[in-house]
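Visitor: Here it is, the structure in full.
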Amino acid sequence: MQQDDASRRHFIRNAALLSGAAMTLPSIGLGQTRPDDKPAPPATNIADALAMPRTATSMPGLYPGRVANVSDELCVREGAPVEDRAALMLERGMLELTGAASLKDAWLRFVSAEDMIGLKVNPVAGKLLSTSLALVRAVIAQLEAAGIPRDRIVIWDRREFELHEVGFTTENFPGIHITGTECKDAQGSFVDANGRLYSLDRIDKDWFYWADCEEPYDAETLPYMVNEGKHSYFPSLLTKELTKVINIPILKNAGNSITLCLKNLAYGAVTNTARLHKQLWGETSAQVPCFPPLRDKTVLNIVDGMIGCYDGGPGANAQFIVPYKRLLLGSDAVAVDRVGYEIVLAKRLAEGVQKKESPRGAAFLTLAESYGLGVADPARITRVDVAL
Amino acid sequence: MIPRVVFSLTLFLCAVIAGAQSPDILLTTRDLPGWTIDKAETYNDRQLYGYINGGAELYLEYGFRQVVGQRCSKGEHEFMVDVYEMVQPQAAFGMWTLSRRPGKQRIPGIEWSSMTGNQLLFVRGKQMVNITLFDSRDETRNAARSVATLLHKRIGGMAFRLPKEVVSGALAKHKDEVRFVQGPLALASAVSDWSELFEGIARFDLYHWRVGKGASASDVGLVTFKSQRDVDSFLKAAGIAVPKAVKPGKPSADWLMNAAANRAARRIDGLRLWFVDGGSEFKKLLATL
């Protein structure tokens, strides 16, 4: 759903009205685990997001609490995902998730030929641990088979050059637009002749996540953060061009937690994120997807778990990269994250990385559930396990 | 005349300083005949987000200076050599202990190293070297090993001197599993179960061992805090009451206990203490440490 001018103005007005209220909102979820004498985390403008009217496509979407977990022993060969097996897993997962009679029908429950569809991948860990080209090719092929023209599909992430580095190039994906907020010119420069960041032309300052914390960036870091201050801006691609988002993260850990659907949307969309990691890691993951550009457009999540990691994430540390040999699918990002969290946690416990679950590991999911983004309680999640 | 001497001396010093900036870590085709060695890419602490997005914070927490990356390839064979220079040897050692998979095979001839099918990793002085293989063929593995041996020799320099409690005594046989942690992010990666115990403590030196197997393993820490306030905060979070008779800063012969949680601490000296947390080895460790 593209925001019209009226709703944009509504958002800005609400932001002005509610930012003061946000300052006094208690921190829930993660804050509950803090001892009483510890300071509350910085305030944010989450109240602004929660005040925005929901739409028919708002998260958790068509299938709240339902997750298809498709595994296939043959999907990784010589350390690399196998494209035809990825396609089979994807097909089976779409049918199990939706209960549709045909694959075309399954896809068309989420998107139509009129949509501009963004495939939100995750290339941040480089070639070793990126959303696989094999899975993205399978997604595109099945979208095309469902009648979606290639020119209505965009592969995107925050960093355009990282997309290119891992193989999301026009050579590998002819006819598909590939773009990111943070970008360089042909000479490798982040700035134009006047010293202005190209990225500034790719953000929408009407849409932002505000948090009462900031961090100054030096000249080298700024191009990767785009702006300083207390605002993290959404990309204009998302707010103005895309009408639907298919989220395709990787099955990997982030410390004793995970970095799957919610984090791929949150940290993978907005600018100025370094300031958020230390004080608002979990809050950011749960709160940024509450804003309409993500909440109302992200209709499907497909976790690439053919190859993932259980330690060293979200970066790539080869010693901890493992073939999980599975895909997780769901419209409910919170439920998919919960299932993924349990898979990663089980591996961490088995490998002795952790002795027991940390109460903080899944706290951001509980927080996300409290915002109405999806189902975090395992008892209320329907997990459909399929082995090919 | 004098200015010219000063100028020449300055040039000489600059050359010496430049020479001291680890030029030996740069690989050339002479080091690996028949292979293509790409031009090195160097990223300093301010550029790290551009190189290892998603993992930069951990390096910065330990204290990071620069990373030099070089790609080596020969036909379909390919591996990447990253030499991370940290601000001090302890930082490099800490990063290495978090980056390696405990209990794995060592690179022959390199003490603080680990080796798996697609990665060679070692620490030497202020440098941590990470060689990532993009294929698992023998020729690639052999070339990567020769590069590891070569760089280990070239980097040379002072090896990090570990505390005597790490290299001798009851835990010496577990030294291949030790992890060295200095801040909250590393703690969350290495011993996430302890994150709440260190809540609000920004810097500390922690050597951590996991003794035993699986969920019944005991966690052991040798911790050096920066202040008595941090010691008090830690003990309080661990549920360990300190009797008034125990004076701050003085070694304690007896373990201070949280019997209900199977947690115990004993001050070694100053702001250093042992901490043992649960598991099947709990009593044995209290008796031997």
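The values are calculated or read from the model by the stated rules, or taken from the named source; none is laboratory data. These numbers come from a predicted model, not from an experiment. Positions of Cβ are backbone-derived with ideal geometry, glycine not excepted, and every protein chain shown enters the neighbour counts.
Visitor: Of the residues that sit in the stretch B:201-219 and are at pLDDT below 95 and of a type in the set (S, T, Y), which one is nearest to B:W274 (Cα to Cα)?
Guide: Per the criteria, the residue is B:S218.
Visitor: Moving on. Of the residues A:R152, A:R202, A:R137, which single one is at pLDDT 95 or above and under 23 Å from A:E220 (Cα atoms)? First the steps, then the outcome.
Guide: Details: A:R152 fails: under 23 Å from A:E220 (Cα atoms); A:R137 fails: under 23 Å from A:E220 (Cα atoms).
Only one candidate passes the filter, namely A:R202.
Visitor: Can I ask one more? Identify the single condition in (1) at pLDDT below 85; (2) surrounded by 21 or more Cβ atoms within 10 Å (Cβ to Cβ); (3) part of a loop (DSSP other than H, G, I, E, B) that B:F198 does not satisfy, given that it satisfies every other one.
Guide: The failed condition is (1).
Visitor: For A:R137, indicate whether it is closer than 26 Å to A:G308 by Cα and surrounded by 22 or more Cβ atoms within 10 Å (Cβ to Cβ). Don't jump to the end; show me each part of the working.
Guide: Values: closer than 26 Å to A:G308 by Cα: yes; surrounded by 22 or more Cβ atoms within 10 Å (Cβ to Cβ): no.
Judged against the criteria, A:R137 is not a match.
Visitor: Something else: Return the residue satisfying two criteria in turn: it lies in the stretch A:205-226 and is more than 10 Å from every other protein chain (Cβ to nearest Cβ) and of a type in the set (A, V, I, L, M, F, W, C), and of such residues it is surrounded by the fewest Cβ atoms within 10 Å (Cβ to Cβ).
Guide: The first filter runs over the stretch A:205-226 and keeps only residues more than 10 Å from every other protein chain (Cβ to nearest Cβ), leaving A:205-216, A:226.
Then drop every residue that is not of a type in the set (A, V, I, L, M, F, W, C), which leaves A:207-208, A:210-211, A:213, A:226.
Working: A:W207: 27, A:F208: 25, A:W210: 18, A:A211: 25, A:C213: 14, A:V226: 24.
The qualifying residue surrounded by the fewest Cβ atoms within 10 Å (Cβ to Cβ) is A:C213.
Visitor: Every residue in the stretch A:167-189 that is touching a strand residue (DSSP E or B) at 6+ places or on another chain (Cβ under 6 Å) and in a loop (DSSP other than H, G, I, E, B), please. Show your work before the answer.
Guide: If we filter the stretch A:167-189 for residues that are touching a strand residue (DSSP E or B) at 6+ places or on another chain (Cβ under 6 Å), which is where we start, we get A:168, A:176-182.
Across the stretch A:167-189, the qualifying residues are A:F168, A:I176.
Visitor: When you go through (1) part of a helix (DSSP H, G or I); (2) surrounded by fewer than 21 Cβ atoms within 10 Å (Cβ to Cβ); (3) more than 14 Å from chain B (Cβ to nearest Cβ) one by one for A:R383, which number turns out not to apply?
Guide: It fails just one condition, (1).
Visitor: Still on this structure, please answer the following. Which one of A:A335, A:A318 is more than 23 Å from A:L373 (Cβ to Cβ) and either surrounded by 24 or more Cβ atoms within 10 Å (Cβ to Cβ) or touching a residue at least 40 places away in the same chain (Cβ under 8 Å) (or both)?
Guide: Working: A:A335 fails: more than 23 Å from A:L373 (Cβ to Cβ).
Sole residue among the options that is more than 23 Å from A:L373 (Cβ to Cβ) and either surrounded by 24 or more Cβ atoms within 10 Å (Cβ to Cβ) or touching a residue at least 40 places away in the same chain (Cβ under 8 Å) (or both): A:A318.
Visitor: Further question on the same structure: Restricting to the stretch B:195-207, give me the number of residues that are within 10 Å of chain A (Cβ to nearest Cβ) and closer than 21 Å to B:G55 by Cβ.
Guide: Start the filter on the stretch B:195-207 by keeping residues that are within 10 Å of chain A (Cβ to nearest Cβ), which leaves B:195-196, B:199-200.
This time we only want the ones that are closer than 21 Å to B:G55 by Cβ, so: B:195.
So the count comes out to 1.
Visitor: Six or more apart or on different chains, Cβ atoms under 9 Å: show the pairs whose first residue is in the stretch B:267-289 and touching a residue at least 24 places away in the same chain (Cβ under 8 Å) and whose second is assigned to a strand (DSSP E or B) and of a type in the set (D, E).
Guide: Close Cβ pairs satisfying both conditions: B:R272/B:D205; B:F275/B:D219; B:V276/B:D219; B:D277/B:D219; B:G278/B:D219; B:G279/B:D219.
Visitor: Can you tell me which of (1) surrounded by fewer than 22 Cβ atoms within 10 Å (Cβ to Cβ); (2) under 18 Å from the mean Cα position of the chain (by Cα); (3) under 25 Å from B:R100 (Cα atoms) is the one A:G372 doesn't meet?
Guide: (3)
Visitor: Pick from the stretch B:50-78 the residues that are more than 20 Å from the chain's Cα centre (by Cα) and outside any loop (DSSP other than H, G, I, E, B): which of them is surrounded by the most Cβ atoms within 10 Å (Cβ to Cβ)?
Guide: Here the answer is B:C72.
Visitor: Does the stretch A:339-359 hold any residues that are surrounded by fewer than 20 Cβ atoms within 10 Å (Cβ to Cβ) and either among the small types (G, A, S) or part of a loop (DSSP other than H, G, I, E, B) (or both), and which are they?
Guide: A:A346, A:A350, A:E351, A:G352, A:K356, A:E357, A:P359
Visitor: Output the residues belonging to the stretch A:277-336 that are of a type in the set (F, W, Y) and more than 14 Å from chain B (Cβ to nearest Cβ).
Guide: Taking the stretch A:277-336 and keeping what is of a type in the set (F, W, Y), we get A:281, A:291, A:310, A:320, A:324.
The answer is A:F291, A:Y324.
Visitor: Name every residue in the stretch A:186-200 that is surrounded by 10 or more Cβ atoms within 10 Å (Cβ to Cβ), free of Cβ contacts under 8 Å to residues at least 24 places away in the same chain and not small (G, A, S), in order of residue number.
Guide: As a first pass, look at the stretch A:186-200 and keep what is surrounded by 10 or more Cβ atoms within 10 Å (Cβ to Cβ): A:189-192, A:196-200.
Now narrow it down to the ones that are free of Cβ contacts under 8 Å to residues at least 24 places away in the same chain: A:189, A:192, A:196, A:198.
Result: A:D192, A:R196, A:Y198.
Visitor: Do you know which of the residues in the stretch A:291-305 that are touching a Leu at 6+ places or on another chain (Cβ under 6 Å) and assigned to a helix (DSSP H, G or I) is farthest from A:D332 (Cα to Cα)?
Guide: A:P293
Visitor: Can you list the strands (runs of 3 or more DSSP E) lying wholly within the stretch B:79-186 that have 1 or more residues being more than 14 Å from chain A (Cβ to nearest Cβ) and at pLDDT 90 or above?
Guide: Details: elements: B:113-116, B:119-124, B:127-133, B:179-181.
Per the criteria, B:119-124, B:127-133, B:179-181.
Visitor: Which is surrounded by 20 or more Cβ atoms within 10 Å (Cβ to Cβ) and among the aliphatic types (A, V, I, L, M), of B:V181, B:V167? Steps first, answer last, please.
Guide: Details: B:V167 fails: surrounded by 20 or more Cβ atoms within 10 Å (Cβ to Cβ).
Being surrounded by 20 or more Cβ atoms within 10 Å (Cβ to Cβ) and among the aliphatic types (A, V, I, L, M) holds for just one of B:V181, B:V167, which is B:V181.
Visitor: Got a number for residues in the stretch A:219-239 being within 18 Å of the chain's Cα centre (by Cα) and modelled with pLDDT of 95 or more?
Guide: Of the residues in the stretch A:219-239, 8 are within 18 Å of the chain's Cα centre (by Cα) and modelled with pLDDT of 95 or more.
Visitor: Right, something else. Checking A:L163 against (1) buried (at least 17 other Cβ atoms within 10 Å of the Cβ); (2) within 20 Å of A:F291 (Cα to Cα), which test does it fail?
Guide: Of everything listed in (1) buried (at least 17 other Cβ atoms within 10 Å of the Cβ); (2) within 20 Å of A:F291 (Cα to Cα), A:L163 misses just condition (2).
Visitor: Testing A:P378 on (1) in contact (Cβ under 8 Å) with a residue 60 or more places away in the chain; (2) surrounded by fewer than 23 Cβ atoms within 10 Å (Cβ to Cβ); (3) more than 14 Å from every other protein chain (Cβ to nearest Cβ), one condition comes back false. Which one is that?
Guide: Result: A:P378 passes all but (1).
Visitor: Does the stretch A:129-151 contain at least one residue that is under 20 Å from A:T239 (Cα atoms), within 14 Å of chain B (Cβ to nearest Cβ) and either in contact with a helix residue (DSSP H, G or I) (Cβ under 8 Å, 6 or more places away or on another chain) or not in a helix (DSSP H, G or I) (or both)?
Guide: Filtering the stretch A:129-151 down to residues under 20 Å from A:T239 (Cα atoms) leaves A:151.
Filter once more, keeping what is within 14 Å of chain B (Cβ to nearest Cβ): none.
Taking every residue of the stretch A:129-151 in turn, none turns out to be under 20 Å from A:T239 (Cα atoms), within 14 Å of chain B (Cβ to nearest Cβ) and either in contact with a helix residue (DSSP H, G or I) (Cβ under 8 Å, 6 or more places away or on another chain) or not in a helix (DSSP H, G or I) (or both).
Visitor: Continuing with this model, one more query. Could you look through the stretch A:74-100, keep only residues that are assigned to a helix (DSSP H, G or I) and over 16 Å from A:V386 (Cα atoms), and pick out the one that is nearest to the chain's Cα centre (by Cα)? It would help to see each step written out before you state the result.
Guide: Quick first cut of the stretch A:74-100, residues assigned to a helix (DSSP H, G or I) only: A:83-98.
Still in the list and also over 16 Å from A:V386 (Cα atoms): A:83-84.
Working: A:E83: 22, A:D84: 25 Å.
So, considering only residues that are assigned to a helix (DSSP H, G or I) and over 16 Å from A:V386 (Cα atoms), the one nearest to the chain's Cα centre (by Cα) is A:E83.
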